[in-house]
1. Go through (1) outside the structural domain of residue B:318 (by TED's automatic domain parsing); (2) touching a Lys or Arg at 6+ places or on another chain (Cβ under 8 Å); (3) not aromatic (Phe, Trp, Tyr) and name the single condition residue B:432 misses.
2. Say whether the condition of being in the same structural domain as residue B:452 (by TED's automatic domain parsing) and touching a helix residue (DSSP H, G or I) at 6+ places or on another chain (Cβ under 7 Å) is met by at least one residue in the stretch B:487-495.
3. If we keep just the residues of the stretch A:300-315 that are among the charged types (D, E, K, R) and more than 13 Å from residue A:266 (Cβ to Cβ), which is surrounded by the fewest Cβ atoms within 10 Å (Cβ to Cβ)?
4. Among the candidates B:467, B:471, B:438, B:430, single out the residue that is within 21 Å of residue B:496 (Cα to Cα), touching a residue at least 60 places away in the same chain (Cβ under 8 Å) and away from every other protein chain (no Cβ under 13 Å).
5. Does residue A:86 meet the test of being closer than 24 Å to residue A:10 by Cβ and in contact with an Asp or Glu (Cβ under 6 Å, 6 or more places away or on another chain)?
6. Just a yes or no: is a residue in the stretch A:307-327 of a type in the set (Gly, Ala, Ser), assigned to a strand (DSSP E or B) and at pLDDT 95 or above?
7. With respect to the numbered conditions (1) within 12 Å of chain B (Cβ to nearest Cβ); (2) surrounded by fewer than 20 Cβ atoms within 10 Å (Cβ to Cβ), which one is the sole condition not fulfilled by residue A:415?
8. Residues of the stretch B:332-352 being within 13 Å of chain A (Cβ to nearest Cβ) and on the phi > 0 side of the Ramachandran plot, which ones?
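The values are calculated or read from the model by the stated rules, or taken from the named source; none is laboratory data. Everything numeric in this text was worked out from a predicted model, so none of it was measured. Cβ coordinates were reconstructed from backbone atoms using ideal geometry, including for glycine residues, and neighbour counts include every protein chain displayed.
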There are 2 protein chains.
Amino acid sequence: MNDAHSVTYPQTVRRWDVFEISCNGTPEGNPFTEQTLSAVFHGKNESVTADGFYDGNGVYRVRFMPSFTGDYSFTVRGSMLDEPYTGSFTVRPAGEGNHGPVRVHNTFHFAYEDGVPYYAIGTTCYVWALQSDALIEQTLETLKHSAFNKIRFCVFPKHYAYNLHEPVSYPFAGTPMDSSVLTMDNFNQYDENSTGNDWEFTRFNPAHFRRLENCILKLQTLGIQADIILFHPYDRWGFSRMTAAEDARYLRYVLARFAAYRNVWWSLANEYDLLRHKTLKDWEAIASIICGGDPYRHLRSIHHCVHMYDFSRPWITHCSMQRTELHLGAEYTDRWRDRYQKPVVLDEIAYEGDLPYGWGNLTGEEMLRRFWEGALRGGYPGHGETLLGHENVLWWSHGGKLHGESHKRFKFLLELLSQTPGLGLQKNPAQAWDEVSAIPQEGQYNGQYYLFYYSFMRPSSRVFTMAEDAAFAVTVLDTWNMTKDEKGTHRGTFTVSLPARPYIAVQLKRVDI
Amino acid sequence: MNDAHSVTYPQTVRRWDVFEISCNGTPEGNPFTEQTLSAVFHGKNESVTADGFYDGNGVYRVRFMPSFTGDYSFTVRGSMLDEPYTGSFTVRPAGEGNHGPVRVHNTFHFAYEDGVPYYAIGTTCYVWALQSDALIEQTLETLKHSAFNKIRFCVFPKHYAYNLHEPVSYPFAGTPMDSSVLTMDNFNQYDENSTGNDWEFTRFNPAHFRRLENCILKLQTLGIQADIILFHPYDRWGFSRMTAAEDARYLRYVLARFAAYRNVWWSLANEYDLLRHKTLKDWEAIASIICGGDPYRHLRSIHHCVHMYDFSRPWITHCSMQRTELHLGAEYTDRWRDRYQKPVVLDEIAYEGDLPYGWGNLTGEEMLRRFWEGALRGGYPGHGETLLGHENVLWWSHGGKLHGESHKRFKFLLELLSQTPGLGLQKNPAQAWDEVSAIPQEGQYNGQYYLFYYSFMRPSSRVFTMAEDAAFAVTVLDTWNMTKDEKGTHRGTFTVSLPARPYIAVQLKRVDI
């Protein structure tokens, strides 16, 4: 580490890791509003300007994620520095398992920046990062053994059924309203207009954001994308009704702290349409701030409750869908792809659980069925678990342990997706009315690979009509019991016997080329 | 019995039973086209003209269903009679369990003519009446122990997968094509244009129609409506491509024979839109013949495959629906009601089975779920069973025994429907997004009775908010396990604990009035 003029930084960093410069400065006054810090980073292939932030205790930081290897220089300017400070460092190749940020690939899919395919299997734990350290550790341990490679969670605490307790920290200095008055019967009388909160919106709580960063980093180690929800409506603290200036200051602070983490995705909001104090114009302004303040172009979307945002807006990189009907959701994936020409991530297609609410009381079978419906239509389904009876720790909000059945079956799906020739599936245009059928997205694999899924149906056999000059290895997949039954090689028109149970899939792989 | 001038008829008949006059005449020439017979019946409250028909062996008959009790006279005229014959008879009150024909009641529902509610629970056995006598008896025995009170079946034989064998009889004199060439692999190369059939379309086969009548009568005894399909596209004999004149002659023969049976419904076609040789004009002409030749105004509809007929046509008494999507069908019941302002009968919402086809491979659970979705939206769902593995006897085509699971649960539903205050359910306008909720159709029962159904969802409880001044007896119904759990009496806002399993319903019955 160098240490000159109170500026500290490492000599080397790995590609797509975080390079961080620290400066000492004054803790007096309001460092968040009164001090400035920024740096410009130069490498052979890129120049990046990054804003710094105050991290408490007189420490200011500026972060950078290098996208290339080689020698870099930087110049840091700050109100706490007498003059600009210039330094240099070396970016070494990425560490093992580090493939860079996830990018949109081939219009409808995702790949890491190094080209490795990324098949999103997401889950939602809205405020897992604002729970006790022990519970956070348990969540990470659960994730480690799961198939999940994306998790959606909030910066702000959440006020909602089964989520009435205080978070371990708040984003701002100040004190919250008295929550001892809350019960499951009266909680929905408390909203963003609740009284008794006393926040200093110009003073961030660095510990709150450090906690979130720690979670982002640990997710990174596990190969999991952090889909960070910046605003949401389930609020008794007033964080959803800050002014535009307060929102902007908050966003710049988040961007300065989080943008250099390669596994970050930006979700502007959970259920933006329920935030009564924000207009479409506000959301577009927020999007502008995100786009302007994130030199790494992390994936960006916004999630609705009832009224979809216009996903064709250019700043939106992918659709972040919620089912808007009781019965169907994942089944619309291919239509949404057609309409928006972007990847379709099904962030909420209801959760496995037993809540009194229709969005949170699917059986494991139905959750898994929705996954396969969405995945074979070329989308990326997401999970959540809302099972009661575990001391009020619900995965969907708090993390902890998984108690459901669907999550055990996602590795089976992920392995199958990973076998796709090229990257990504699309709906088979020749799909019959009574099947879900997928082919590779990439045209060069035409005629070489097919998946069929029978969902709730229970065929005892199916007839396949393929080209006479092509031989296919046929495998029957029981998506619930996670068994594979190899049925030999077939060509032309052939019948495959099936187990006459729901949730069966068939894979056809061309083998004669 | 009188016996004068070769005219025979009984002295008495019961209301809504069949009064039949027989005349002897010549069997020479073509009695179907060369002889005429008709009668006019007069009672205090009605005058009905009915056409007669030739029943073979020199016997001609004319039938009449009296709708009132008391003294009736008739005059019969026929080419085999020297002069009109006049007679009289007495109509006695209806026998036990005879409530007359089923009529539309209160726009969306059905009642027997005497006002007794009729909640249709239908099934489909397309050609059960054209099987062996032993199989027909077995079907009747099965029906006797079932909840079914309507069965859909064809006059013509059926040519389709799992239905390649010859019927026991044909509607016309002549000989069919050689069916020994048929296999499950080649059958769909044979259609209404198949060669080798040799039919005399002017000569009916009375034995064929007697067999059907016998079935209609036995159904009547069991209290089951005979929903008779007059045309259908699954044909290798050419019966679906007769000329308009041949169709008209066939329809008049059917009307003369069947119309006097009180439990007859007319289904102009199964999947009319697949009959390539008929136009909408043809169907309207057929409808005119039915309307003109049926003095009893039996219920009339027509069933589609893909393109719904315009159910707003005035001759159509009720919608005869087929699901037109893979996932949803019964769920549209309330919208179809709104649109057509007629009863919605869900004659095909796919079948419980394990066929290779999506229309015939539902689990029992899914079949039952569709029943409840449709019934609580104020419609009348229908069943079919297509399970293989029973010596190629499939209920849906042949009748026989039921091997599925859903049918065992329909009595439970029927009993519940029969408890509706007034007659018939409608969608509760206050239905929440995550429930199916019904209230009585008849406004006078407003606020007194509610049903809720949670379909595939799995709530562990639900909160109900009812009027504070009304007390409700709460019963939780497990529609699959057929259990009822009485949860006491509640008022205002109350929570009902539920078993966190799918297929649960809740009944609220006001008890303080």
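1. Result: residue B:432 passes all but (2).
2. Scanning the stretch B:487-495 turns up no residue that is in the same structural domain as residue B:452 (by TED's automatic domain parsing) and touching a helix residue (DSSP H, G or I) at 6+ places or on another chain (Cβ under 7 Å).
3. A:310
4. Values: B:467 fails: touching a residue at least 60 places away in the same chain (Cβ under 8 Å); B:471 fails: touching a residue at least 60 places away in the same chain (Cβ under 8 Å); B:430 fails: touching a residue at least 60 places away in the same chain (Cβ under 8 Å).
The match here is B:438.
5. no
6. yes
7. Only one criterion is unmet by residue A:415, namely (1).
8. Selection gives B:350 alone.
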